[in-house]
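> One structure, as structure tokens, below. Some questions next.
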Amino acid sequence: MTPFTARVIEVIQQIPEGKVMTYGQIAREAGSSRAARQVVRILHSMSRKYRLPWHRVVNAKGEIAVQDDESAELQCLFLQAEGVELLGNRRIDLEAFQHRP
């Protein structure tokens, strides 16, 4: 595992319940501001193994970015269960719910 991957995992694990972070924000926190797509890959391949709170990660607009409808709906349900309010079109108000470590 690369140091960047390890740091991404650490950053994601520290997102508190009821908050979200963006892919780009996680990449910046992990030390590579241009690696948002790599964050996506890490989430996809390592969420289960490291029990990552994948549902707390959204795109830069605060939108649920998961393409699969079933997974997107699950993400919405998980976020709502943590108190995150969803706006129309599966969007989160980043001003209210973005975690800023």
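> Tally the residues that are modelled with pLDDT under 95 and under 10 Å from the mean Cα position of the chain (by Cα), restricting the search to segment 41-53.
1
> Next question. Applying the selection to segment 68-81, what residues are under 14 Å from the mean Cα position of the chain (by Cα) and not aliphatic (A, V, I, L, M)?
Taking segment 68-81 first, the residues under 14 Å from the mean Cα position of the chain (by Cα) are 71-72, 74-76, 78-79.
Scanning segment 68-81 gives SER71, GLN75, CYS76, PHE78.
The values are calculated or read from the model by the stated rules, or taken from the named source; none is laboratory data. As the structure is a prediction and not an experimental result, all values here were calculated from the model.
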